[in-house]
Amino acid sequence: MPPKGWKKASAAAPAKTLVLDNGAYTLKAGLVAASANPSYDDCHVLPNCIARSVRDRRTYVSSELYQCRDFGELAFRRPVEKGFIVNWEAEKAIWEHELLDETAGEGLRCNPKDTNLLLMEKPNCPKELQKNCDEIVFEQFEFRAYYRCVGPILNAYHPPIPPSLSSLPQECLLIIDTSYSDTTILPLYSGQLIQAAVRRLTVGGKLLTNYLKELASLRHYNMMEETYLLNEIKEAVSFVAPSAQQYTTDLERTWKGRLGDKRAIDSSIVVDYVLPDYEGSIHGYARPHDPVQSRMRRGLQPLQGPREDVLPLGNERFAVPELLFRPTDIGIQEAGIPGAIMESLSVLPEAMKAAMLTNIVVVGGNSLIPGFIERLESELRPLVPTEYLLNVSKAEDPIKHNWLGAARFASQPELLKEVLVSKAEYDERGSTWLAKKFSWGER
Amino acid sequence: MPHVEVLPNSASVAAPGWTYVVDNGYDPSKIAINPKDRKRAATRPGGPRGENELSARQQIAIARRIAELERDNDPKQSIPVPGKSSVPKTQNARRIIQYQRQIKHWLDDEIAQLQQAPPPPPRAAGPGARTAAQPLRRASTMTGPPPTPSEATPGLVTPGIITPVLGNRPASDIDPLLSVDSSIPAPLRPAELEALLSAPPLSYAASHAAPPPSGGPPQRQFCDNCGYWGKIKCLKCGARICGLECKDAHEATRCLKWA
Ligand SMILES: [Zn+2]
Ligand SMILES: [Zn+2]
């Protein structure tokens, strides 16, 4: 039996909902009013970390990082691991700093006691971590009402293409979420996740950055403490080879050759990344490869003029993002994204599989790597029965897209009131009940 | 300046610690990734280890390296939360905020719990269906009772009609041996749909994609030093290298590093 006053608490939803996509790398956050028409511009992207510099001896909490001018040897503490909130001491400090206290940005600060929280999580979150999260949300932050769900599900609430007037979720939608922590395949039917068909690849943006860091440190300089810089370099120079054949060609073109049989390096691929010195420059940049410059690199700096450190990048440019398509290249025993998509779809009835293939939407930061969508399409096509249509699209803003789907859902009071649980209900029934209520198909 | 130092890269080691490798399609999908899983490794089909398969030591080395690449936080570093933090408001909150556990501890707990209490039979039927505790693909022919829709369902679930979507190929293009019936997917049965939608989430471990099919292209082998094709195998650690120059560099840097 629902407790007394249950209907009333749910029906009188307050005006604003904090929509929070709590990613490992960044928080995507924004307040959404009932019947608003949210857009990407309403989404704030905030680093989900506490960083400390041994050089300026400062500690940066979340958006304070935007003021940082020296990213050298910057160390990070991230409350989210493998996509799930693990360290609540740090996450609480970041939420307070960015969302609740006077340090919160304009348009973000809220009082939890009169705000709903729509918290988006990754699929397959361990139940104990979900319970911790629910308890913190109601017992520590005391949000007025709360809903927690797998974030990408709410992409079903984007208007379909071609547009329709219906407020119903899209019927069949296959979301590929390739983000910092990992890459997940999520088939959605009428706004519900088909849990048995969710598949996950270990490879995400974090692994790619760490891999580039490892390669650069092995081949050129020890950069193991330069995570921030290597992420910046990855974003600046990476591309996905259009096919396995082209990968082979590019690998030949970037090879130095053997002793006694040196090859001229093809400078259409190799670039030099000019490292920032964190005195005159905060960010580096890529420029065409200069072999003379490269020979001077090892200790032979000019006696006059500014010192310049250059990191040449050849096969690293395409071998690093290649892991999304060939995790076995470094020994991860998983199929690449196209194979994982087909594995996921193999769980579904044929008619649903065919419909999913016509509506694949890619979200997450890795989809910004040039060539990603083209490679995905060209590797998927031969795996799909020839008579099926295949339609792969990239979200307009892959980083904010999950958030916008959720914001569109949250702006519709009739949808929101179906799922929100009030603090009064939680106090009455507890976290075990709440976990059951939020989980799919389980009683 | 970022913190950079030039690495030693020109050590000369005289010992011929390498061998040419005939690459006849080593199949990584037959190798257990978890080096602790000796039982599975021992009982895998295909008999004794061939020339191109990985030694137990190499498997451990690969697993360690992947764990390193996957890490979110450096356990050696502790960055305190700056300023005065607000007081935990309840006992629960205090306990949760004080946890210093990492994700691997929570995932190990999840695996241990699933082993203690086997999950109910899978409700979703299908060739790739899995249960929460089942990390590997296993065909299932079980179908559960028609489940009741969850009260947590957002929005409406309308078992709509999925129209089979076919390309615009002229009929003459389609293999005449394929009947029209077999090329158009059968419509969705409501019971099947209900079973799919109400199946519980997989555990984290069970959600990982399977290895590529064994019939697919063989695993590519790269030079451990420069990233070009790894045509030569280091006898000390089994890593691949492209030639003598990289062999020297490999021995000076990463040889046996992860072992
Ligand atoms: Zn090499
Ligand atoms: Zn070696």
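Straight-line reach only, C-alpha to C-alpha below 13 angstrom: list the aspartates and glutamates that residue B:247 could link to, leaving out same-chain residues fewer than 8 apart.
B:224
How do B:81, A:320, B:87 stack up against each other in accessible area, from largest to smallest, with a 1.4 angstrom probe?
In descending accessible area the options line up as B:87, B:81, A:320.
Net charge near residue B:85: determine it from the other residues with C-beta under 13 Å of the C-beta of residue B:85, scoring Lys and Arg +1 and Asp and Glu -1.
Taking every Cβ under 13 Å from that of residue B:85, the sum is 0.
Return P(r) of the range A:146-232 (all Cα-Cα pairs; 10 Å bins starting at 0; whole %; ordered from short to long distances).
Calculated P(r), rounded to whole percents: 16, 32, 23, 18, 11, 2.
How large is the helix-only mean residue ellipticity at 222 nm for chain A, computed as the sum of -39500 (n - 2.57) over DSSP H runs with n ≥ 4, divided by its residue count, in deg cm²/dmol to the nearest 500?
-8000 deg cm²/dmol
Once you've got the Cα coordinates, tell me which of A:127/A:353; A:234/A:256; A:113/A:234; A:394/B:257 are over 32 Å apart. Don't jump to the answer; show the numbers that get you there.
On the way: A:127/A:353 29 Å; A:234/A:256 22 Å; A:113/A:234 42 Å; A:394/B:257 40 Å.
Going by Cα-Cα distance, A:113/A:234; A:394/B:257 fall outside the 32 Å limit.
For residue A:279 paired with residue B:56, estimate the spin-label separation in nm (one decimal), with each label point 7 Å from Cα along the Cα-to-Cβ line.
Modelled inter-label distance: 5.4 nm.
In whole Hz, what ³J(HN,Hα) sequence does the range A:81-86 give by Karplus (6.51, -1.76, 1.60; θ = phi - 60°), x for Gly and Pro?
10, 6, x, 10, 6, 10
Ordered by residue, what ³J(HN,Hα) values in Hz, to whole numbers, does the range A:258-267 give under the Karplus form 6.51 cos²θ - 1.76 cosθ + 1.60, where θ = phi - 60° and Gly and Pro are x?
9, 4, x, 9, 5, 9, 6, 6, 6, 7
Work through the residues other than residue B:254 whose Cβ is under 13 Å from its Cβ and net out their charges, Lys, Arg +1 and Asp, Glu -1. Before the final figure, lay out each step's value.
Values: positive: A:219, B:64, B:65, B:236, B:240, B:247, B:257; negative: A:214, B:68, B:224, B:248, B:251.
Taking every other residue near residue B:254 into account, the sum is +2.
Mind checking the dipole of the range A:99-164: about its Cα centre, +1 per Lys or Arg Cβ, -1 per Asp or Glu Cβ, Debye to the nearest 20?
Its charge dipole is roughly 320 debye.
Any chance you could list the semi-axes, whole Å, largest first, of the equivalent ellipsoid that the Cα gyration tensor gives for the range A:205-322, using √(5λ)?
They are 23, 19, 12 Å, listed largest first.
Enter the mean number of other protein chain beta carbons within 10 Å of the beta carbon of each residue in A:210-219, as an integer.
4
Taking only Cα atoms and a 10 Å spring cutoff, compute GNM fluctuations for chain A and point out the largest among A:425, A:91, A:128.
With Cα springs under 10 Å in chain A, the top fluctuation among A:425, A:91, A:128 is at A:128.
If you build a Gaussian network model of chain A, linking Cα atoms that sit under 10 Å apart, which residue out of A:156, A:340, A:410 swings the most?
The residue with the greatest mean-square fluctuation here is A:340.
Just add up the charged neighbours of residue B:101: K/R +1, D/E -1, any other residue whose Cβ is under 12 Å from the Cβ of residue B:101.
Values: positive: B:95, B:104; negative: A:81, A:89, A:128, B:108, B:109.
Residues near residue B:101 contribute -3 overall.
Only Lys, Arg, Asp and Glu count, each charged at its Cβ (+1, +1, -1, -1), so figure out the dipole size of the range A:204-255 about its Cα centre, rounded to 20 debye.
For this selection, approximately 80 debye.
To the nearest 20 Debye, how big is the dipole of the range A:205-322 about its Cα centre, given +1 on the beta carbon of each Lys and Arg and -1 on that of each Asp and Glu?
Here the range A:205-322 has a charge dipole of around 420 debye.
Which cross-chain or sequence-distant (5 or more) residues have an amide H under 5 Å from the amide H of residue A:394, H modelled 1.01 Å from N in plane?
A:362
Taking each residue of B:81-93 in turn, how many C-beta atoms of other protein chains fall within 10 Å of its C-beta, and what is the average?
Average per residue, whole number: 6.
Using the scaling law 2.2 N^0.38 Å as the reference, what is the normalised Cα Rg of the range A:374-413?
1.69
What FRET efficiency, computed as 1/(1 + (r/R0)^6) with R0 = 22 Å and r the Cβ-Cβ distance, is obtained for residue B:109 and residue B:85, rounded to the nearest 0.05?
About 0.25, to the nearest 0.05.
How are the C-alpha pair distances of the range A:41-154 spread across 10 Å bins, as whole percents from the shortest bin up?
Spelled out bin by bin, the range A:41-154 gives 12, 41, 35, 12, 0 percent.
Going from the alpha-carbon gyration tensor of chain A, what semi-axes, largest first and in whole Å, does one get by taking the root of 5 times each eigenvalue?
Output for chain A: semi-axes of 42, 29, 17 Å.
Any idea how far the Cα center of the range A:347-362 sits from the one of the range A:50-65, in Å?
45
Have a look at A:247, A:321, A:286 and report the one farthest towards the positive end of the charge dipole of the range A:205-322, computed about the Cα centre with Cβ charges (Lys/Arg +1, Asp/Glu -1).
Final value for the positive-end residue is A:247.
Under a straight-distance cross-link criterion of Cα-Cα below 19 Å, which aspartates and glutamates are reachable from residue B:89, leaving out those fewer than 8 residues away in the same chain?
Once the sequence-local aspartates and glutamates are set aside, what remains near residue B:89 is A:89, A:91, A:96, A:101, A:114, A:134, A:135, A:139, A:142, A:425, A:427, A:428.
For chain A, find the longest principal axis of its Cα atoms and tell me its angle to the long axis of helix A:205-219, 0 to 90°, nearest 10.
The angle comes out near 20 degrees.
Suppose the chain between residue A:248 and residue A:114 were pulled fully straight at 0.36 nm per residue; how much longer would it get relative to their current alpha carbon spacing?
Value of the extension gain: 42.4 nm.
The values are calculated or read from the model by the stated rules, or taken from the named source; none is laboratory data. All figures in this text were calculated on a predicted structure; none of them were measured in a lab. As a convention, Cβ positions derive from the backbone with ideal geometry for all residues, glycine included, and neighbour counts pool all protein chains shown. With ligands, DNA and RNA removed, areas are computed over all heavy atoms of the protein, side chains included. Shrake-Rupley method; radii C 1.70, N 1.55, O 1.52, S 1.80 Å.
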